[in-house]
Amino acid sequence: MEIKQIERIALIGFMATGKSTIGPLLAERLGYVFIDTDELVEAAAKMKISEIFNNLGESVFREAEHDALKLVINMEKAVISTGGGIILFERNRKLLRTKTFVVNLTCRPETIFKRIQGDQTRPLLDTEDPLKRITLLMAERRKYYEDCDFQISTEDFSEIECCEKIESAYKKSKKRPVDPTGL
Ligand code: S3P
């Protein structure tokens, strides 16, 4: 049976850690396509994420998010940027772990808080005390984010440096995922 090396990176990490900024730069650098699961969900629903949360509920969004991931998970030469909550579900973690080189982008809660000022696009942070919510969600999710192949702080390095370090870790990695189905 032919065993094929997968050429695919997934960016995970908390909201506003820079997945949608680093993702396209990294893809361009590697000559890969860039895919954003949040954008796929919005395109399929013809609604903004905040509208999906407010009108249909979070569980509808989570189903659509899983469908979006399934749609793109076998794409070759792709950088897939994911929504911050995708790792909450084992079904998504399993796909990411087995089919991609998983990169976790990190930031301190205070930096996330500064970055989301005036941003109405993140329904989970639309609360009285966003910093408290960020700190709480981050603590709850930490174990899932840290279950990755490489991790980098986007506040300690420039965007270009982040891409260089991710590329180098990806190319060196002995854990480049192998898909036993050869798909
Ligand atoms: C979410 C993160 C968002 C988006 C949705 C839920 C989360 O994506 O998927 O608002 O649960 O952390 P970003 O991480 O791109 O902001």
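The values are calculated or read from the model by the stated rules, or taken from the named source; none is laboratory data. What you see is a predicted model, and the numbers here were worked out from it, not measured in a lab. Positions of Cβ are backbone-derived with ideal geometry, glycine not excepted, and every protein chain shown enters the neighbour counts.
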Quiz prompt | Identity of the residue in segment 120-150, of a type outside the set (A, V, I, L, M, F, W, C), closer than 26 Å to L95 by Cβ and surrounded by 17 or more Cβ atoms within 10 Å (Cβ to Cβ), that ends up farthest from the ligand (Cβ to nearest atom) | solution = D149
Practice problem: Give the residue that is surrounded by the fewest Cβ atoms within 10 Å (Cβ to Cβ), with candidates limited to residues of segment 12-27 that are out of contact with any strand residue (DSSP E or B) (no Cβ under 7 Å at 6 or more places or on another chain) and either closer than 20 Å to L95 by Cβ or among the β-branched types (V, I, T) (or both). | Solution: T21
Quiz prompt | Near pairs, Cβ below 8 angstrom, 6+ apart or cross-chain, from segment 77-88 (within 10 Å of R62 (Cα to Cα)) to any residue that is more than 7 Å from the ligand (Cβ to nearest atom) and assigned to a strand (DSSP E or B) | solution = I86/I12
Quiz item: For residues in segment 88-97 being more than 9 Å from the ligand (Cβ to nearest atom) and in contact with a helix residue (DSSP H, G or I) (Cβ under 8 Å, 6 or more places away or on another chain), which is farthest from K19 (Cα to Cα)?
Solution: R91
Practice problem: Answer yes or no as to whether E65 is buried (at least 17 other Cβ atoms within 10 Å of the Cβ), farther than 22 Å from R142 by Cα and within 16 Å of the chain's Cα centre (by Cα). | Solution: no
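Yes/no per residue for (1) outside any helix (DSSP H, G or I); (2) in contact with a His (Cβ under 6 Å, 6 or more places away or on another chain); (3) of a type outside the set (D, E):
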| site | (1), (2), (3) |
| --- | --- |
| E65 | no, no, no |
| G83 | yes, no, yes |
| K132 | no, no, yes |
| K143 | no, no, yes |
| I152 | yes, no, yes |
| D156 | yes, no, no |
Quiz item: Somewhere in segment 70-77, is a residue in a loop (DSSP other than H, G, I, E, B) and within 11 Å of the ligand (Cβ to nearest atom)?
Solution: no
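For (1) more than 12 Å from the ligand (Cβ to nearest atom); (2) more than 16 Å from the chain's Cα centre (by Cα); (3) closer than 24 Å to E146 by Cα; (4) hydroxyl-bearing (S, T, Y), each residue gets a yes or a no:
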site	(1), (2), (3), (4)
V33	yes, no, no, no
I49	no, no, no, no
I52	no, yes, no, no
I86	no, no, yes, no
K99	yes, no, yes, no
R115	no, yes, yes, no
Quiz item: Which residue pairs have Cβ atoms closer than 8 Å, lie 6 or more positions apart in sequence or on different chains, and pair a first residue in segment 14-29 that is more than 19 Å from C107 (Cα to Cα) and part of a helix (DSSP H, G or I) with a second residue that is modelled with pLDDT of 95 or more and within 7 Å of the ligand (Cβ to nearest atom)?
Solution: none
